[in-house]
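Trainee: This is the structure, below, for whatever I ask next.
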Amino acid sequence: MAPEQRSRNAILSGAKLVIAQVGTYESNMVDISARAQVSRATVYNHFADKEEMMLSLLESELNRLAALAKKQATPRDGLYAISRDISTDPALAKMVQTDPEDIAHFVTKSDHPLWKLAIDLSNKVFGQQNGDLVLHWLISQIGSPLSEVQSGHQADQLARVLS
């Protein structure tokens with residue numbers, strides 16, 4: 001991986017760690033750069049501002065979740081893996097607590113490019129007719145995380161519907 005991509009990934013990882021601690025509103029570029037172990041100048045070389053960085057983080061997370069699902073042996077396993085990831089994500093949990101307006105905005109269907117990306121990725125991973133259903137199921141878990149047993153049971157049921 002190129003050094004520039006490593007820096008970008010470190011920044012996004014640092015941002016996610018800071019969000020898990022304080023939420024998006026209380027996060028700042030100083031703390032994010034410290035967590036990423038890069039200078040603030042490096043952060044600003046990659047992102048014009050915090051908003052651009054947060055949008056990049058969301059895009060990166062959507063792509064990461066799609067890749068996680070794709071590498072599973074079956075659609076059921078992909079559903080389960082993403083469900084567990086969403087239901088146990090500390091950054092999402094913190095945002096639900098501290099930034100509910102942002103969560104509501106992120107999960108509301110819109111013409112925003114990130115919403116379109118989420119739908120496209122879901123369609124690619126789970127099928128054109130299934131992507132919307134899967135996406136809505138996953139979104140519901142942001143505010144109401146599932147236990148391992150619930151994730152497994154619901155993944156089983158949804159996988160049967162998708163077949």
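The values are calculated or read from the model by the stated rules, or taken from the named source; none is laboratory data. Note that this is a predicted model, so its numbers are computed, not measured. No Cβ is skipped: glycine too gets one built from the backbone with ideal geometry, and neighbour counts run over all protein chains shown.
Trainee: Here is a list: THR108, THR88, THR98. Which entry is loosely packed, with under 13 Cβ neighbours inside 10 Å and β-branched (Val, Ile, Thr)? Before you say what the answer is, go through the steps one by one.
Mentor: Working: THR88 fails: loosely packed, with under 13 Cβ neighbours inside 10 Å; THR98 fails: loosely packed, with under 13 Cβ neighbours inside 10 Å.
After applying the criteria, what remains is THR108.
Trainee: Would you confirm, using the coordinates I've provided, whether ARG6 is in a helix (DSSP H, G or I) and touching a residue at least 60 places away in the same chain (Cβ under 8 Å)? Lay out the reasoning, then the answer.
Mentor: Working: in a helix (DSSP H, G or I): yes; touching a residue at least 60 places away in the same chain (Cβ under 8 Å): no.
No, not satisfied.
Trainee: State the number of residues belonging to segment 84-98 that are outside any helix (DSSP H, G or I) and within 26 Å of SER7 (Cβ to Cβ). Don't jump to the end; show me each part of the working.
Mentor: The initial filter retains those residues of segment 84-98 that are outside any helix (DSSP H, G or I), namely 88-89.
Filter again for within 26 Å of SER7 (Cβ to Cβ), leaving 89.
Looking only at that region, the number is 1.
Trainee: Of all residues in segment 145-163, which are more than 21 Å from the chain's Cα centre (by Cα) and either among the hydroxyl-bearing types (Ser, Thr, Tyr) or in a loop (DSSP other than H, G, I, E, B) (or both)? So that I can check it myself, show each step before the final result.
Mentor: Pass one, segment 145-163, residues more than 21 Å from the chain's Cα centre (by Cα): 149, 153, 156-157, 159-163.
Within segment 145-163, just SER163 meets the criteria.
Trainee: If you don't mind, another one. Go through (1) at pLDDT below 90; (2) surrounded by 17 or more Cβ atoms within 10 Å (Cβ to Cβ) for PHE126 and report which single condition fails.
Mentor: Of (1) at pLDDT below 90; (2) surrounded by 17 or more Cβ atoms within 10 Å (Cβ to Cβ), only one is false for PHE126: (1).
Trainee: What number of residues within segment 14-66 are under 24 Å from ASP120 (Cβ atoms) and either of a type in the set (S, T, N, Q) or over 20 Å from the mean Cα position of the chain (by Cα) (or both)?
Mentor: Qualifying residue count, segment 14-66: 3.
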